[in-house]
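Participant: One structure follows; several queries about it will come next.
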Amino acid sequence: MTMGGDLPGSVLFACDRNSTRSAMAEAIMKYLCGHKVYVDSTGVQRIDATADPFALETMEEIGLDLSDHQPKSFDDLTDTSIDLIITFTPQARHRAVEFTRTIPCEIEYWPMKHPGDVGGSRDVRLQAYRDLRDALFARIKVRFFSQDGSV
């Protein structure tokens, strides 16, 4: 796949717990692509929770709602017809390689630190989530959209 303007039929975003990075990327991609691409997200391990509260708040700031997001793992995926898996951690990349041993699928690794690892005041921590959100938005636009903004 070439950079910019080349949309796959389906994209899966993967991180460790599917509560922050991959969930945010899924929402951004769905916002930018609508129904042109099937988009989902997953984690290496499933947690019994919803999206990270700071992720919820920072996504709401740009009008995207993660409140219905339910984290899931690779083991929870029922559809394996995925064209591209974008991973954010070494563990997710390793699990994606295992997952795709018998299916034709590209894997891209976009290393991005978890904003929850940032300490400090609430404002400092929220800014780390905003920075991640903005980095995901920019990276997705560069990867899938041409210079003029078309897909």
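The values are calculated or read from the model by the stated rules, or taken from the named source; none is laboratory data. This structure is a prediction, so every number in the text was calculated from the model and none was measured. Here the Cβ is made from the backbone with ideal geometry for all residues, glycine too, and neighbour counts use every protein chain on show.
Participant: May I ask you to say which residue of GLY149, GLY120 is at pLDDT below 95, closer than 22 Å to ILE62 by Cα and outside any helix (DSSP H, G or I)?
Facilitator: Values: GLY120 fails: closer than 22 Å to ILE62 by Cα.
Within the list GLY149, GLY120, the selection yields GLY149.
Participant: A further question follows. Considering every residue within the range 20-36, establish whether at least one is in contact (Cβ under 8 Å) with a residue 12 or more places away in the chain, out of contact with any Leu (no Cβ under 8 Å at 6 or more places or on another chain) and among the charged types (D, E, K, R). So that I can check it myself, show each step before the final result.
Facilitator: From the range 20-36, those in contact (Cβ under 8 Å) with a residue 12 or more places away in the chain are 20-29, 31-33, 36; that's our starting set.
The next check asks that each one be out of contact with any Leu (no Cβ under 8 Å at 6 or more places or on another chain); those that pass are 22, 26, 29, 32.
If we keep only those that are among the charged types (D, E, K, R) as well, we get 26.
Yes, the range 20-36 contains at least one residue that is in contact (Cβ under 8 Å) with a residue 12 or more places away in the chain, out of contact with any Leu (no Cβ under 8 Å at 6 or more places or on another chain) and among the charged types (D, E, K, R).
Participant: Looking at the range 16-32 only, could you name the residues that are assigned to a helix (DSSP H, G or I) and not β-branched (Val, Ile, Thr)? Lay out the reasoning, then the answer.
Facilitator: Taking the range 16-32 and keeping what is assigned to a helix (DSSP H, G or I), we get 21-32.
Once the filter is applied, which keeps residues that are assigned to a helix (DSSP H, G or I) and not β-branched (Val, Ile, Thr), the range 16-32 yields ARG21, SER22, ALA23, MET24, ALA25, GLU26, ALA27, MET29, LYS30, TYR31, LEU32.
Participant: For the range 3-23, check the following and say yes or no: at least one residue is crowded, with 23+ Cβ neighbours inside 10 Å, in contact with a strand residue (DSSP E or B) (Cβ under 7 Å, 6 or more places away or on another chain), modelled with pLDDT of 90 or more and of a type in the set (Ser, Thr, Tyr).
Facilitator: yes
Participant: Among the residues of the range 129-145 satisfying the criterion of being aromatic (Phe, Trp, Tyr) and within 14 Å of VAL37 (Cβ to Cβ), which is surrounded by the most Cβ atoms within 10 Å (Cβ to Cβ)?
Facilitator: Filtering the range 129-145 down to residues aromatic (Phe, Trp, Tyr) leaves 129, 137, 144-145.
Applying the additional criterion that residues be within 14 Å of VAL37 (Cβ to Cβ) yields 144-145.
Details: PHE144: 22, PHE145: 18.
Once the filter is applied, the top-ranked residue is PHE144.
For every residue, the table says whether it meets (1) within 14 Å of ALA23 (Cβ to Cβ); (2) assigned to a helix (DSSP H, G or I); (3) without any contact (Cβ under 8 Å) to a residue 12 or more places away in the chain.
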{"site": "ALA51", "(1), (2), (3)": "yes, no, no"}
{"site": "ILE82", "(1), (2), (3)": "no, no, no"}
{"site": "MET112", "(1), (2), (3)": "yes, no, no"}
{"site": "VAL124", "(1), (2), (3)": "no, yes, yes"}
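Participant: How many of the residues in the range 61-100 are crowded, with 16+ Cβ neighbours inside 10 Å, within 17 Å of LEU132 (Cβ to Cβ), of a type outside the set (Phe, Trp, Tyr) and modelled with pLDDT of 95 or more?
Facilitator: Summing the residues that are crowded, with 16+ Cβ neighbours inside 10 Å, within 17 Å of LEU132 (Cβ to Cβ), of a type outside the set (Phe, Trp, Tyr) and modelled with pLDDT of 95 or more in the range 61-100 gives 5.
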